[in-house]
Each structure stands twice: as structure tokens, then as C-alpha cells.
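Q: Dumping the structure here so I can ask a few things about it.
All of the numbers you see were taken from the coordinates with simple rules; none came from a lab. For clarity, every value in this text was computed on a predicted model and none was experimentally measured. Counting neighbours? That spans all protein chains shown, and the Cβs are built from the backbone with ideal geometry, glycine included.
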Amino acid sequence: MFWGDVTLLGYIPWLIKDFVDRSFIKKFIVKHSMNSSLVEKHIEQEQELCGACGAKVGNKVLESALEKLPKNVNNMLNKIGDDAAIVYLNQGNHVFTTDHLRKFCSDPWIMSRITAVHALGDIWAMGSIPLLVLSHITIPELSLNDQKNHLDDIIDSADQVFKKEGASIIGGHTSKGKELTIGFTILGHTNKNPITLNGAQDGDYIILTKPLGTGIILAGEMQGLAKGLWIKNAHDWMMKSQGLISKFLTNKVNSMTDVTGFGLYGHLKNICKSSNVSAVLSIDEIPILEGALDLSLKGVRSTIFEDNLRQANTDQINSDNKKWPLLFDPQTSGGLLASVPKKHIEEVQSKLKILGLSNSVIGKFVKGGTTISY
Amino acid sequence: MAEKKLVLIGGGHSHILLLKKLGMKPIKGLNITLITPEPELVYTGMLPAAILGSYSFDQINIDLIKLSNFAKCRIIFEAVNKINLNKKEIYLDDRIPFGFDILSIDIGINYQLPNISGAEKFSIPVKPFSNFIHNWRKFVSNLTIKKNIIELSIVGAGAAGCELALCINHKIKSLGREPKIYLIDKKEIAGNLPAKAKNKILELLKENKIILRNNINISSIAKGKIHIEDSEIISSDLILSAAGGKPHNWLSETDLNLKNGFVSINQSLQSISHDFVFASGDCASIINFPTQKAGVFAVRAAPFLYQNIQNYVIKKTIKKVQSSEKIFTSINY
């Protein structure tokens, strides 16, 4: 160690440095960090926020955000800004779905991207392609400038996602409220029969296209237990589009769904019930997010975990494998869960490997019984 | 009062301390965003000890997401590569321009690989640390039992290079192998340290049988080989680069007044050309106030940064940084 021109050597100086360094690092250990920040910073307000139409966001703010959207949209006869969109629909089958998420991270741009991918999950799970989108946004009472920035970011981020999938935002509603909430209603199309929960066959392989654990990671963040790296990795997975995977899988699966709030177990159970098959999971093969098992072993659970477990109450829950709680972890923007007949499984597996999923086959369906074992 | 938008570029040592303070004592009317490519900051003071194994790599990381949540700060994972100071906008890949009222820059130094053919492909730079740590871990875990002598080269023999050489030497020995470490520089060894410290380090390097190759030029780097002036080849199992850090390029594309590529700031940590831009740590140079580039200055700047940003928001007179010329340098091995 050197202090100007003075030199110190040996174990004692190292102890001093060790103490200084450890004390420095200790300052940055933050616990229960998210609880306080989830309470959105409000500008001091004398009057309660009006509901109903009073909660609408000012025209100027909205106009600036919508300005960037395309003026002419396929399947739409008028322009954005009219009372309602006039749409005409192609021949074939249409699927229609909606989803929204409450604020779970500090960056509205990421929030919006994740919500868009999350909402698209239902369209992809049906083996269809998205066409038209309506947005529903609640933004907290911020300064006019911040409202504008938030909205610009949200619309821009979602528009990028939808545009890439060939869909367009054609309208929506934006209001002010207690916390940031983003939602999308999506109309999709397919020339074939949409893929449903019904159709899984005895002998089909079960595949999952994203790792489990987003619920546990986000719960861990709120309790100050999740590492930044884990959170960022979870965000990256949640922002991953599954459009390509869905297109590829469309003519190779017997049934398909996306894993969201009910967790893998709940959504798999729905396939089993609809298709009258049982599932045998190879629990060790199920991909999970980095950090999810660490947090799970510490007892971290999402608030919906108990509900999901209760849904399965008549089943025998096997808790031998330490990964079991992950099966009931609610997923945000989770993976596609599908039944793939044997003749396609090799092709599916190698394609998913190219797309970055080393493990995608997580089990098999067997005849009758509608049970899940692992 | 309208809210002011403060954007912090870079999660360096000044900014983490600033965020901690902002979390404990929020400044009213300030909306904060941190833009950083990585969710963790490696605390450089503990890096050498982590290489040795005195600390786990987890112990030396500062979690920027937790800290941002604590400071009610929005965090964006992007690398800034362009700003417009007239429009007060930051440009990020994929995103619409990001506006600000007050800017604080703490992006450190860009450790560039030396401009030598093969350097990019066959040597590992010490920065970004997260990447370096990852590669070092991989190297250590891949050491085969058969190989007894481990040859390593470090390009760049500043304080960082010397420290790294001593650390790695110790670590390889602790693994029961025989280290053979080359420390290579086109100039002097430890040339940037005070005379007494330099002599002591030279003594230590000698004691530890580090092979010093100073005042030589590397002509090219190949897989496991360093070619010296076309006459000599140094073979190495791993080639590390601790060669001279350079200021980030994008700074020179702004209107900011720079000195040797670093943001020129006054003693209040404000850019001398733009008073709404603060800068601290290695990316800044205080005009007419000689200081070395060292993490300790970034740490010391933080309370002043907090105070001066607050004063700027409420339009009060700005405080000056007081600093002692002596700094505490520590070489661990």
C-alpha cells in the first residue's frame, strides 16, 4: 500500500484494506428494495384523481405518441384517430385475445415490450398470426413532460414488436391511474384451423419453448433477494418473440398453449383435460431461468403460487424433486407448451436448438387419466 | 416546480454512491434514469483479491438494479454512443431519443486492445471486468492436470498490469502449478507510479520471478503466441491485455469541451462548456487541478456530485471539490 510516498507492506495493511473494501461493498447491499419503489412517485396532489372520462390523458400528449404510428394499415379502411377503426377481415379463422400487466420494472419501454410479447403468446399458441392491435394504457399521474415520455416509449416499444410480427396498433385508450398498467387486445388470423388444447395424443412429446421461473425472479426482486443479472436475464427472455417458433410449429403439433398465470402445471393440466391424456414430465429436463432455483430454495414464491397449488389440490403433489415449486410458478410472457408427435420431434428439437433452446423436450403424453406425474 | 430529468450515463463508482445517497435522501423534483450496459458493477478495489480467491466474484459485485430500485431510479440497459447537447437528447439503439435536463457522466475508461494484429482475436482485455472474470474463471477451470508449467503474458505494465501479474502468479502457484509470467510493455514497468512505489514493485516482481520485457514492441499476436519485433516468440497459454485505457470515442463527437479526450470539468464537477453536464471518475479531467486517474477520486467525488446536482436544481451556488494530492494506492497479490 502506498500513501503518497509512504510504503506499507505485509498482512496488517492488507487487513486494513480488506476492512475498507468490505465496508465499502456493504453500503450497497439493499434489502426489500422494490417495495418502496413500486409506490410510484406522485407529484403532490391536492385533489383526488378523477375517474371515468376525467382519467383520460390529454389530447396533445396522446397525439405526439400516436404520431409515430403508420398512417395506412392493412385491413383498416379509415385512419387512426377516428372514433373507431373500420376493419375488413380476410377469409379464414380469426382469433381475438386480450392481456394486460401491472408495473413490475422501472423501464416502461421494457414493460411495454414484455407486455406485447406476453399478449401475443395467445395468438402464437393458436398457430395464428397477429393483424390488428388495440392498446390499453394506464399511466400514473406524472408531470406532462413525463407522461409524454412514458407514452412515447410505450407506444414506440410495442409498435416495434407488433410491426416485426406484421401487426399494427390501430387504436386504444389511455388513462391516468395509480400505477402503470399496459395491455393489448390483438386480433389474429389463420387460414387453417386454430390449434387448441384439444388434440394431444398418446405418445406425443411435450415441448416447452422458454425456461420457467419469471414469477419467482420478480418476487425475488421485490424482496431484494434476486441478483441484477438474474433479473436482466429474465427480462431478456420475457422480451423474446416466439413468432418464428410458432410459425415453424404450426403444422407439427397436435395441441398448443402458452404458459402464463397458471404455471406449467395448470396449463399442462388444461391440455390433459381437453385431450383426455396424462402427462409424464421429466422434471430434470425442464429448463429454468438462472437464479430461479436459488430463490425457490430460499422459499421465495410468487403471490399466485398458492392459488396455482390449490387448483391442483385433488392431485397428488410430488415434492421429491427440489424443482417442484417451479411447476406452479406463474409465468409472464412464458413459453409455448405443445404436444409434438414422434415423427416431428427430431426436427422440432434441432430447430429449437438453433434458436437457443438446448432443452425443449420435457416429457410425454400417455393414454387417459388426465394426471400429471413427474 | 416542474420536474427535472437527471440522466446518469454509466454505473461507475461515483454514480453508485450518488444513487445510494439519492435513495436515502431524495432530491425533490428530480426524476432519475441510469443508463448502463451492465446490471452489475465490479468494485475494482477488490478485483485482484477476487482473482486470488480471497473473495468470491459475487462478493465484489454491486447490484445496479437493487440500487436503482432503492433510489427510485429508472434503469436502462444500453450503451450510450451519441448525445446531442443542443436538443438535450441521448440516442440509444432501438429506442426513440431520450430527453434530459441534467446529465451526469461516469463511464470510466474504455480499455482498448492494443492496435496490434491478432490482439482482438487472441488476447483478453481486463475491461469490461465482467467479461474478464468470466474468461479467467474458464481458463482456471480448464487447466488440465497434465500441464505443470503455466505460461501467461500480460501486455501493458502499468500499475494494473503489475498487480495482475503478481496476483495471477500467486493464484497459479496456489493451484499447485509453476507459473511463468511475462510482463510486456513498450515503455517502462510501472512508469506511472511514484518513484518509491515503483522501486518496491520492481523488487516484488523480481522476487516473484515475473519476466519483465519492457521497452519492446509487439509486432503481432497469434493463438498462444506473441511475436516481438519479428525476432522473438513468447508462447503463452493465456494472453491478457492491461494496455492503456483510452477515453470513450463518442465523447469526442459531442460539443463537450475535452482535454485529451476526457471531459474537461471545473472543481464543481461541471463541464466547463455545458453547465448542465456533470462528469466524474476516470472519464473526466479537472482543469488546472492535477489528479491521477484512480477509483478513489470517483468515490470522493460522489458527495460533491450529490450536493452540486441538488444545488443546480434549486439554483444555489455550487460547491467545489476539495481534494488531497496524496492518494492511497494499493497493490494486492
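Q: Given R₀ = 22 Å, FRET efficiency for B:Lys186-B:Asn257 by Cβ-Cβ distance, to 0.05? Don't skip to the answer; put the middle values down first.
A: On the way: r = 30 Å, r/R0 = 1.38.
With a Förster radius of 22 Å, E is 0.15.
Q: Which FRET efficiency, nearest 0.05, do A:Asp236 and B:Lys82 yield, Cβ-Cβ r, R0 25 Å? Write down the numbers at each step before the final one.
A: Values: r = 24 Å, r/R0 = 0.94.
Between A:Asp236 and B:Lys82 the formula returns 0.60.
Q: Between B:Leu30, B:Asn249, B:Pro194, whose Cα lies farthest towards the positive end of the dipole of chain B when Lys and Arg beta carbons carry +1 and Asp and Glu beta carbons carry -1, centred on the Cα centre?
A: B:Leu30
Q: Oh, and also: How far is it, in nm, from the label point at B:Ala222 to the one at B:Tyr91 when both lie 7 Å from their Cα along the line to the Cβ?
A: 4.2
Q: Go from 0 up to the bin containing the longest alpha carbon distance in the range A:52-190, width 5 Å each, and give me the % of pairs per bin.
A: With a bin width of 5 Å, the distribution comes to 2, 10, 21, 24, 20, 13, 7, 2, 0, 0.
Q: From the convex hull of the Cα coordinates of the range A:205-373, what is the mean projected area in square nanometres?
A: Values: hull surface 36.5 nm².
Dividing the Cα hull surface by four gives the mean projection, 9.1 nm².
Q: For the residue pair A:Lys298 and A:Asn313, what label-to-label distance in nm results when each label sits 7 Å from Cα along the Cα-to-beta-carbon direction?
A: Placing both labels 7 Å along Cα→Cβ, they lie 3.1 nm apart.
Q: Another question, then. Any idea what the dipole of the protein assembly as shown comes to, in debye rounded to 20, about its Cα centre with Lys/Arg Cβ at +1 and Asp/Glu Cβ at -1?
A: So the magnitude is around 1220 debye.
Q: Applying 1/(1 + (r/R0)^6) with R0 = 45 Å to the Cβ-Cβ distance of B:Leu143 and A:Lys342, what FRET efficiency is obtained, to the nearest 0.05?
A: Values: r = 44 Å, r/R0 = 0.97.
With R0 = 45 Å, the Cβ-Cβ based efficiency is 0.55.
Q: If you take the alpha carbon radius of gyration of chain B and divide it by 2.2 N^0.38 Å, what ratio comes out, to two decimals?
A: Values: Rg = 21.3 Å, N = 333, 2.2 N^0.38 = 20.0 Å.
Expressed relative to 2.2 N^0.38 Å, the Cα Rg reads 1.06.
Q: Gain in length, B:Asn215 to B:Asp275, computed as 0.36 nm per residue apart minus the alpha-carbon separation, to one decimal in nm? List each step's numbers first, then the result.
A: Numbers: separation 60, 0.36 × 60 = 21.60 nm, distance 4.26 nm.
Value of the extension gain: 17.3 nm.
Q: I've got another one for you. How about the range B:106-214: which trypsin sites (Lys or Arg not before Pro) there are in a DSSP loop, with at most 16 other Cβ atoms within 10 Å of their Cβ? If you can, show how the numbers build up before the last one.
A: Working: sites: B:Lys121, B:Arg137, B:Lys138, B:Lys146, B:Lys147, B:Lys171, B:Lys173, B:Arg177, B:Lys180, B:Lys186, B:Lys187, B:Lys196, B:Lys198, B:Lys200, B:Lys206, B:Lys209, B:Arg213; in loops: B:Lys146, B:Lys147, B:Arg177, B:Lys186, B:Lys187, B:Lys209.
When the trypsin sites (Lys or Arg not before Pro) of the range B:106-214 are filtered for loop state and at most 16 Cβ neighbours within 10 Å, B:Lys146, B:Lys147, B:Arg177, B:Lys186, B:Lys187, B:Lys209 remain.
Q: Do any GluC sites (Glu not before Pro) in the range B:208-273 lie in a loop, going by DSSP, with at most 15 other beta-carbon atoms within 10 Å of their beta carbon, and if so which? Walk me through the numbers before you get to the answer.
A: Working: sites: B:Glu229, B:Glu232, B:Glu253; in loops: B:Glu229.
Listed in order of number, the matching sites are B:Glu229.
Q: Which listed residue (A:Leu120, A:Thr314, A:Leu89) has the Cα farthest towards the positive end of the charge dipole for chain A, taking +1 on Lys and Arg C-beta and -1 on Asp and Glu C-beta about the Cα centre?
A: Selected residue: A:Thr314.
Q: Restricting attention to the range A:276-374, which trypsin sites (Lys or Arg not before Pro) occupy a DSSP loop and are surrounded by at most 15 other Cβ atoms within 10 Å?
A: Values: sites: A:Lys298, A:Arg301, A:Arg310, A:Lys322, A:Lys323, A:Lys342, A:Lys343, A:Lys351, A:Lys353, A:Lys364, A:Lys367; in loops: A:Lys298, A:Arg301, A:Lys322, A:Lys323.
Sparse-neighbourhood loop trypsin sites (Lys or Arg not before Pro): A:Lys298, A:Lys322.
Q: Sequence neighbours fewer than 8 away in the same chain don't count; with that in mind, list the aspartates and glutamates whose C-alpha is under 17 Å from B:Lys225.
A: Cross-link targets: B:Glu120, B:Glu151, B:Asp185, B:Asp237.
Q: May I ask you to compute the full-extension gain from A:Ser282 to A:Ser373, defined as 0.36 nm times their residue separation minus their alpha-carbon distance, rounded to one decimal in nm?
A: Values: separation 91, 0.36 × 91 = 32.76 nm, distance 0.88 nm.
Working it through step by step, the gained length comes to 31.9 nm.
Q: Could you list which residues have their amide H under 5 Å from that of B:Asn214, counting only those 5 or more apart in sequence or on another chain, with H placed in the peptide plane?
A: Amide H neighbours of B:Asn214, under 5 Å, 5+ apart: B:Asp185.
Q: Can you tell me the mean projection area, over all orientations, of the convex hull of the range B:1-140's alpha carbons? Units nm², please. Mind showing how you got there, number by number?
A: On the way: hull surface 42.5 nm².
If I average the Cα hull's projected area over directions, I get 10.6 nm².
Q: Turning to a different aspect of this structure: Please arrange A:Ile245, B:Ile124, A:Ile317, A:Ile137 by counting, for each residue, the other beta carbons lying within 10 Å of its beta carbon, fewest first. Show your work: numbers first, answer last.
A: Details: A:Ile245 23, B:Ile124 17, A:Ile317 13, A:Ile137 27.
So the ranking, lowest neighbour count to highest, is A:Ile317, B:Ile124, A:Ile245, A:Ile137.
Q: Ranking A:Ser282, B:Ser14 by Cβ neighbours within 10 Å, fewest first, what do you get?
A: Numbers: A:Ser282 13, B:Ser14 33.
Sorted ascending by nearby Cβ count, the order is A:Ser282, B:Ser14.
Q: When the Kirkwood hydrodynamic radius is evaluated over all pairs of different C-alpha atoms of the range B:112-244, what value in angstrom, to one decimal, is obtained? Provide the component values of the computation, followed by the final result.
A: Working: mean 1/r = 0.0670 Å⁻¹.
By the Kirkwood definition, the hydrodynamic radius is 14.9 Å.
Q: Let me ask something else. Please rank B:His274, A:His173, fewest neighbouring Cβ atoms within 10 Å first, as an exposure proxy. All intermediate terms of the calculation are to be shown ahead of the outcome.
A: Working: B:His274 18, A:His173 14.
In order of increasing Cβ crowding within 10 Å: A:His173, B:His274.
Q: A follow-up question, please. Quick one: helix B:129-142 against the long Cα principal axis of chain B, what's the angle to the nearest 10°, folded into 0 to 90?
A: 30
Q: For the protein assembly as shown, compute the orientation-averaged projected area of the C-alpha convex hull (one quarter of its surface), in nm². Don't skip to the answer; put the middle values down first.
A: On the way: hull surface 141.3 nm².
If you wrap the Cα atoms of the protein assembly as shown in a convex hull and average its projections, you get 35.3 nm².
Q: Note the full-extension length gain between A:Glu306 and A:Val20 as 0.36 nm times their separation in residues minus their Cα-Cα distance, in nm to one decimal. Intermediate values should be presented prior to the final figure.
A: On the way: separation 286, 0.36 × 286 = 102.96 nm, distance 4.40 nm.
Working it through step by step, the gained length comes to 98.6 nm.
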